[in-house]
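Bear in mind that the values in this text are calculations on the coordinates, not laboratory data. Computed from a prediction, not measured in an experiment: that's the story for all the values here. Positions of Cβ are generated from backbone atoms using ideal geometry, with glycine treated the same way; all protein chains shown enter the neighbour counts.
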Amino acid sequence: MADPQPRRGFQTPPEVTSYFADKGLRPSFSIQDVTAEEHAYAFMVSKATELELTTAFKTSIGRALATGQGLDTWRRDMTDELRRIGWAGPRTVTDPTGQWSPAEVDFSDPRRLATIFWSNVNSARSAGQWERAQRTKAALPFALYVRTASTDPRKEHLGWVGTILPIDHDWWKTHWPPNGWGCKCSIRMITARERERLLASEPKPGGIRYTEEVPDDGPPRIFTNARTGEVSEVPAGIDPGWQTNPGLSRARTLVTRLRERLAEAGEDDARAAIAAITASPTPRVLAGLPETVFLPVAVASPKLATELGGIARIVEVSNTTMRAKTDKHGGTRAVTAASWALVQEVVDRGRDVNEGHPNHRSIFGTAGGGLWQAVVKAADRGRYYILSTFHGAKERDLETALRKEREFLKKQAQKE
């Protein structure tokens, strides 16, 4: 079966293009230079050790994703670009680390180009589908593993066809396709009613057996990265480096990527980056992760930084706090995934209140048509600013805080 081509007039979902566009460039000699998790935010092509070459590949694949371009057209255009920059035909590439001997590579080889194209396109589509699934899981809470379109399917992958599990089940952390080089398996989101219907159906001879049981493929394989020496476990049936959910990995590692960008960015760029991430599905996805991660939600105002006496620039909130505030507050104090986009406005325009705590401040500010309270703490001697609470507030909350501030300042004056 030929590789599926985009339909005429097909509009690539924004989640797909943004996933790919957000990737940073990572020139590398070996695919093993980048961990499975890093692939969610680092673009690399094996043996592409020069920035110009890596940039050319990323730019062209990004354009193909945005325009719905198929393999044949992309491969023709990319071959022309390789000729232009002097990388068409066999070339000897030297390992920058000196670990391995030089290797001969031909980036214009049709099969190599197909591998580069489909591995990136399928991962981007997969990540985009994960983001959409997170947004629609209230109506479509279950994921169904669908048979591969490949003419030579892996035995293990065929064994997963018909598996129906909740979208947030742990199995999808490792088995959300693609699950290897050339894997064309897919996922379909379904309703609870369709799940019940499929599970109750009797499979036809040679047909699909639908099940809610987690596939048992035996113990994972132990994989040793020949470049770094890192040892990891890879589930049976999955190629090393493909044992992560691209969308879920992106949600985790986007925070790391964002921190790297913010450390080097000017204030305007940092604010723009934070605004983009808080307006995306990422806060909702991060809030559901079992491990603790921190999401940047605001650039600290100069006044706040001076009062807290720290060196940090960014205000961050943990996903445990995000969950706690979402679960705790309702009514006029309700906190939703969209609320975190309001933190910057509260920090910028709100009133800082010193209630007598040396390492944190309460900030009351109006945003989104209501009054909010944020409490920012300086942690690790001011190396981090942590948003310890954020919720809708009432005027009496502000009055109470101001009263505490007056009492504290009065005591301070008496001491002097």
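Just a few scattered comments:
- For the pair residue 112 and residue 21, label points projected 7 Å from Cα toward Cβ lie 3.0 nm apart.
- Where (1) 19.4; (2) 20.9; (3) 25.6 are the candidate values, the label of the one calculated here for mean projected area of the Cα convex hull in nm² is (3).
- Model label zone, residue 209; criterion: amide N under 20 Å from point 7 Å along Cα-to-beta-carbon; scope the range 153-179: 153-166
- A cut-off of 5 Å between modelled amide H atoms, ignoring neighbours fewer than 5 places along the same chain, links residue 335 with 329.
- Annotation: amide H-H contacts under 5 Å for residue 24 (H modelled 1.01 Å from N, sequence separation of 5 or more, or interchain): 42, 43.
- Inter-label distance, nm, simple model (7 Å from Cα along the C-beta direction), residue 100/residue 414: 7.3
- To the nearest ten degrees, helix 319-328 and the longest principal axis of the Cα atoms of the chain are 60 degrees apart.
- Compared with the dominant principal axis of the Cα atoms in the chain, helix 51-67 is inclined by about 90°.
- Between helix 246-264 and the chain: long-axis angle, C-alpha atoms, 0 to 90°, nearest 10: 60
- Residue-by-residue Karplus 3J(HN,Hα) for the range 17-26, coefficients 6.51, -1.76, 1.60, Hz, glycine and proline x: 5, 5, 4, 6, 5, 6, 5, x, 7, 9
- Two-site FRET efficiency, residue 170 against residue 222, from Cβ-Cβ distance with R₀ of 25 Å, rounded to 0.05: 0.80
- Inter-part distance where the range 75-95 and the range 122-155 are each reduced to a Cα centre, Å: 33
- When the chain is described by a simple charge dipole with +1 on each Lys and Arg Cβ and -1 on each Asp and Glu Cβ, the residue from 133, 371, 68 located farthest towards its positive end is 371.
- Bridge type composition, the chain - antiparallel percent by DSSP, nearest 5: 85
- Simple rule: put +1 on each Lys or Arg Cβ and -1 on each Asp or Glu Cβ in the range 185-253, find the dipole, and look at 228, 243, 190; the Cα lying farthest toward the positive end is 190.
- The label-point distance for residue 83 and residue 396, in a model that sets each label 7 Å from Cα toward Cβ, rounds to 7.8 nm.
- Charge dipole (Cα centre; +1 on Lys/Arg Cβ, -1 on Asp/Glu Cβ; no other charges) of the range 265-415 amounts to roughly 560 debye.
- Here the dipole of the chain is about 980 debye; that uses its Cα centre as origin and unit charges on the Cβ of Lys and Arg (positive) and Asp and Glu (negative).
- Take 24-37, 234-247, 116-129, 147-160 and order them by the average number of nearby Cβ atoms within 10 Å per residue, most first; the result is 116-129, 234-247, 24-37, 147-160.
- Here the 3J(HN,Hα) profile of the range 170-185, calculated from phi with Karplus coefficients 6.51, -1.76 and 1.60 at θ = phi - 60°, is 4, 4, 6, 5, 10, 10, 6, x, x, 10, x, 5, x, 5, 10, 5 Hz, Gly and Pro shown as x.
- Cα-based Lys pair tally, the range 265-415, threshold under 24 Å, eight or more apart or on separate chains: 16
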